[in-house]
Each structure stands twice: as structure tokens, then as C-alpha cells.
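A short write-up of the structure that comes next.
The values are calculated or read from the model by the stated rules, or taken from the named source; none is laboratory data. All figures in this text were calculated on a predicted structure; none of them were measured in a lab. Here Cβ is always computed from backbone atoms with ideal geometry, including for glycine, and neighbour counts include all displayed protein chains. Heavy atoms of the whole protein, side chains included, go into the accessibility calculation; ligands, DNA and RNA do not. Shrake-Rupley method; radii C 1.70, N 1.55, O 1.52, S 1.80 Å.
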Amino acid sequence: MSNDTNREEAPEDDPPEPSAPAGTDDGSAEGSDADRERADEESPGPSEDAPEPVDPLTDDPVDERVDPDPSAETTEDGSTDADETGENGGFDGAEDVETVEDLGSSVDVDPGVEIDEEEEEGLLGGLKITSTADIEVPDRLVDQVIGQDEARDIIIKAAKQRRHVMMIGSPGTGKSMLAKAMSQLLPQEDLQDVLVYHNPDDGNEPKVRTVPAGKGDQIIDAHKEEARKRNQMRSILMWIIIAIIIGYALIMRNILLGILAAGIIWLIFRYTSRGTDAMVPNMIVDNGDKRQAPFEDATGAHAGALLGDVRHDPFQSGGMETPSHDRVEPGSIHKSNKGVLFVDEINTLDIRTQQKLMTAIQEGEFSITGQSERSSGAMVQTEPVPCDFIMIAAGNLDAMENMHPALRNRIKGYGYEVYMEDTIEDSPEMRRKYARFVAQEVERDGRLPHFTDEAVEELILEAKRRSGRKNHLTLHFRTLGGLVRVAGDIARAEDAELTTREHVLQAKKRSRSIEQQLADDYIERRKDYELQVNEGGVEGRVNGLAVMGEDSGIMLPVMAEIVPAQGQGQVIATGQLKEMAEESVQNVSAIIKKFSDVNLSEKDVHIQFVQAGQQGVDGDSASITVATAVISALEDIPIDQTVAMTGSLSVRGDVLPVGGVTHKIEAAAKAGCKTVIIPAANEQDVMIEDEYEEMIEIVPCSNISEVLEVALMGEPQKDSLVDRLKQITGSALEHQTVGAGGSNPSPQ
């Protein structure tokens, strides 16, 4: 990026040059020679105690160096030597930060709170608190970030070196919070106001001028005062002329002619006075009140809001038109000059907008023009407007697919790419940070009662459960923060002094996702219409388990039927199966051919996913369900309907791990099942609610023979089939356990 945005700056060691009027090449305001002489006389000397001169007609008081170190050499990426050393960069002079090194990579998570080392394995990590009111919340956002240590360190480095960053990860993992944190780490002292002036030579090419932050208002006030004085003098002159005309008309006894002449004079003065008003500049970027570097969230912004625009003027002639410089509107790229531009879901931007954004990043300045080709604003194009910002692009994994390759290359070549983790390993330190997270949410909201230690413990348990992995905690803080707010709202509605564990438990029920509400509704409806079977034995029918959305389990029956083939035998599966589910059915057919004595070339195998709905079936977690249903139908052995199951299946009969086992087990318990079969590799991921532990038995299995031994009924037939399977697969199948890395868990 380029830092050469202030085109009027001169080295501080050089003697001051005479100021030039606006409308000249330097873009300052236009004025007469007499005005400039008067301004020079009124300008105070260089005394430090004297107030800084503010005059719309000279450059001396406002066109001063903005760069804190004019001797610093500019590097290729736009940073300076001063930035590298931190002498004049983002941390000297800031209220809370002295140097980047002071930030470090670790945060004191429990200042002033006593830690019981003997209780570190507890849910609070040894924190001895009665409520979250005992926990001190850091002032800076960068210190409030939890779990994303790598991303946090990158943000600190990027703020120091003024590098761009692209963050990819799931929603709610802290991308926008890190972007805002960077704006707090950038320097505040070199912010600028941007003014747009009328160009008397070409009204469609307004001139642009940058001044130190806070000077813009003074310049505009001075211009307005000058315009007011001129209009006042013109108004006095106009009324004198009108009075003379009216008086002459009375003497000549021709009142009508006098009134007509007075009206013409009024119109002439009214028309010509607009030229004076046009001399007042338009401040498009005002950083006078900024306490820190600008932060602009341009997520979902259209081209005009992002790149700037020029309003359409319906009155384009006859003296009623609005001067072009007054119609200029800045874009987010201009408002974020010397600050941070954050764009989430970057791939949703139009490809041409991304290309222009890349140009702005490369040049450090970008002219504003009308974005609508049919608007009068399309004829207007300003001089280049500074946009020396740090770009933080964010999105999900699919964001990289539709992102302009040149834009991504620009970010990657002059910055960092970081992946935002979904979970983090559980540890006493992290549990203490999660307790601090609850305190942060309470303080940020400002209306919630503080949480008791037991309420915090319940929230940490929920964080463990939502991670979907044993010994891990979720990093989806947005949804977890939503649970904190719902629990706090319940406590506040009861006028409770503190938010308790009971309030958190109520919040968990009230804050169910739409998918979970639908799943519960499906389960109840099936009970009403007896579509759900949870007792007895049925050939070819298995209670499969699936996941709706991200956190909602549901029972999905699978039925199989074997009929004679009219031609070559085939496997037919229905239920809106998607690509991965179809492939899993093909894998199951290979296993069936190996394990069954029936010649499938003479049979058609029909498989139906009952009530799969319009969403269909995706993933391979129903593989053991399909295999069990087909084998049961082939061998005429009933399946125990009190059993539900989930798991993927290899072509050799190994049961592979899947995702969402916790939610699937809870769905089976709600449906009235007594036993649930899961992959042995997923046993460590089970974190069901206490209320379901006594309702259902969990049986981990590592191969298809173990699944059939649990699911099938009828001892003689079942034993014969299982023994035959063990003989076919060999002893390895009996004892083999599948490692967690054997498959990419894919929830159905």
C-alpha cells in the first residue's frame, strides 16, 4: 500500500511556501488577492502558545505534516522504519498500550482472583469466586479474545506492521471481535479529515484535500463565516438597489414597473449568490472526534457504500443545481483510512467490486464517482481520495472459492491468512478463561445479573458438550453468549440478584434452535400416528439416527425389502439421497455380497429412508443402519426395535466414526429406545445430558458382526449368522478397533 496520500505535504525542515488559492493545482479554497493579504496579516507567528490559524484561503495553518516521522523511509508495503521499531507507530502515545511487546501472547485471565491449585481439575479451573462479579474484565478487546491464540498473535503483528489479514472459519468464532481489536491497536495521532472542494475549472472534477483530524470542522466554519459575510454584503447591496428602484418608481408614479424591476434584481442576486455558497467545502471524512483508529464494517455493502458514490441531482441547470462536490459521498474504504476495513463473507461481493477494492488496496487512494451509469453523478469523478486502510477479510471455507484470485493474492502476499479453530483443548486455564467470558458478556450487555459459580459451571459443561469432542471446549462464542443472555434475561425477569444454575437450565430449553424444535415436533407427531416403533422385532427395519442442522438429533427409520429381479439384480435406494449417501449404499452392497449366502444378482434390494423429508439424506453415517436392514431382510431375522444406531461402514465391515453422536443418542432416548449403537471411536465424544443417562444404554461397536449381535433377535439364527460373519472376516474383525483418524466424521 502507498502512504503518499497527502499530496500537499512538504518536509518539515523546508521553509514554508506561500499558500495558493482554492481552485488552483493544490486543491485549496479559491479567494481574491485581498483575501489572501488579509489572511496573511491575521496569521499568528510560530509561537507555541498562540492559537493555530484557521483560514479557508491559506494552506499554512492546516496543511501540516501528518506523518509523525517525515524521515522514516517508506517500505514497499506502505509501512515505515518507524513502524518497524515502534517509535512512532501504533503504540506510542496510546492510552493503554505502550509498545507491541507489552501486549505479549498471554493474558492474565484471573487478576486479583485467588486460585486453589488443588481444585484446578474442577469446572472453574480452581477459581475461588462466588459470582462473576469477582472477575476483572480486561479493557482491551484483544485481551478479551479466548481460544484463538494464533489469530490473536497474528492480529497483534499485523497491527504493528500494517498487514492485511484473511480469517477463515465458522461463524461466531471471534472474527469481527479480532478485527475491532486491531483498530484499538493502531495509532490515533495521524488520522485525517478529508475535504472536497468545488473546482471552478471543471465542476465535474472536485478537488480533494486532506488535513489533520479535527482541522476539517475549523476550515468549514471559517468558509461558512466568510460566505455569510459576503452574502450579507450582497444582501445589503441588493436591498439598497431595490429601495432606489422602488423610490424612483414612486416618483415616476409607475409602481408596476418598479415592482417588476425589483423582482428582476432580486432574482439576479439570488442566482449569483449560489456561487458563494459553492465555495464551502464538503467534509466527507470526519475523524475529529475519533479516540482510536477508524473501524468500518463493510459486510454486505453494495458498491456505492463500499467505494463511494455521487448522489443524483434532478436539478442540473437553471441555477438550482447542487454543486458536484456537495453530492460526493464517501465509501467505507475512505472512512477507514488509517484504520481497519472489515468485510465478512468477502465472496458475496460482486467480482468487479472486488477488483476495484484490490486497486484501492494497491494504490492507497481511490477516486469517488457515481456508481449508477444513468445518474448525473456518473459524470463526476473526484481527485483520488486517501484510503490507506488495513483490510481484514473473513468468511467460511467456501469464501475462498468465489473470492477474486488477485484480491486474495494481494492479501496473502502482503499479510496473513489464518484459520479460526472451532474447538480448543480443555484445561484449567481455558476453563478460567470461559468463566471470564461469562463476566465479559454480563459487562458488555450491562443489564444482566452476574452469574453464580454454579451457573458458570453449567455453562462450561455446555461448552464442553457443544464442542462434540472429548476434552475440548467449543469456540462458537456467539451461540454460547446467546445462552448467557437468555439465562440473564430469565433471572432479570424474576428480579433475581444473581443468575443461578436453574436459570441456565431454563435458558437451554428456551434457546433451542429451530432444527431442534422441529426435531422434537417430528418425534411427537410420529408418536401420535404410530409411525415410530420402539418395541418388538421387525425384519428389515432399523431405527437410524441423523442430525438436523448442527445440534439437533432425530430418529430416521430405514427399511429394506428383497424381491426377485426381473433382470440383472440391483440396489435401489429412495429418500432424497445425496451423493455421499448414495456412495455409502454402494459400499454396503459390497459388504452384503461378501457376508450373505444369497445370490444378489437374482435379487433387487430396495432401501427406503422413511420420512427423510425435502432435505434428503447426506453423509454416510447411516451405513451400518442400511447394512443391518438389508442383512435382516435377506436372512429373515427380526431386528430389535428398542435399538437405534449410527455409524459409517467400510467395505471390509469396520464401523467408522461419525459426527453428532451426542445429539443422536439424546434423540434415541427421546424416542423411547433402550439401546443405541455407536462407533467405538466415538465413545470419547459422548457428553449427553444427565437426564438421558438413565434412559438409554450406549453400546460401542467396532465391526458389523458386533452391530448385528446387538441388533438382531432370535438366538439360533442370529448366532449362526454372526458366527458365519466372524469366520468370513477372520479374527482381525473381532478385535480390530478403528482409530479416530480413520475417517472424516460427517454428520448425517
Filter on Lys603/Lys718; Lys593/Lys670; Lys175/Lys670; Lys335/Lys508 - keep pairs with C-alpha separation over 30 Å: Lys593/Lys670; Lys175/Lys670; Lys335/Lys508
At a threshold of 8 angstrom on Cα-Cα distance, excluding pairs fewer than six apart, so keeping six or more, what relative contact order does the range 150-264 reach in percent? 14
I want the local charge near Ile236. Using Cβ-Cβ distances under 13 Å, sum +1 for each Lys or Arg and -1 for each Asp or Glu among the other residues. +4
Kindly report, to the nearest 10 Å², the accessible surface of Glu443 as traced by a 1.4 Å probe over protein heavy atoms only. 120
Heavy atoms only, 1.4 Å probe, whole protein assembly: order Lys664, Lys128 by accessible area, highest first. Lys128, Lys664
Could you please report the charge total around His450, scoring K, R as +1 and D, E as -1 over all other residues with beta-carbon less than 10 angstrom from its beta-carbon? -3
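Among 288-295, 626-633, how do they line up from the highest to the lowest mean number of other beta-carbon atoms within 10 Å?
So the order, starting with the most tightly packed, is 626-633, 288-295.
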Students sometimes get this wrong: rank Lys175, Lys470 by accessible area, probe 1.4 Å, all chains present, largest first. Lys470, Lys175
Hey, which of these cross-link pairs are over 20 Å Cα-Cα: Lys180/Lys290; Lys128/Lys180; Lys412/Lys433; Lys180/Lys356; Lys229/Lys290? Lys128/Lys180; Lys412/Lys433; Lys180/Lys356; Lys229/Lys290
What's the local net charge at Ile351, with K and R +1, D and E -1, over the other residues with C-beta under 14 Å away? +1
What number in nm² do you get for the range 123-228 if you take the convex hull of its Cα atoms and divide its surface by four? 13.0
Could you tell me which of rounded, prolate or oblate describes the range 419-462, using a ≥ b ≥ c as the square roots of the eigenvalues of the alpha-carbon gyration tensor, with rounded for a/c under 1.5 and, failing that, prolate when a/b is larger than b/c and oblate otherwise? oblate
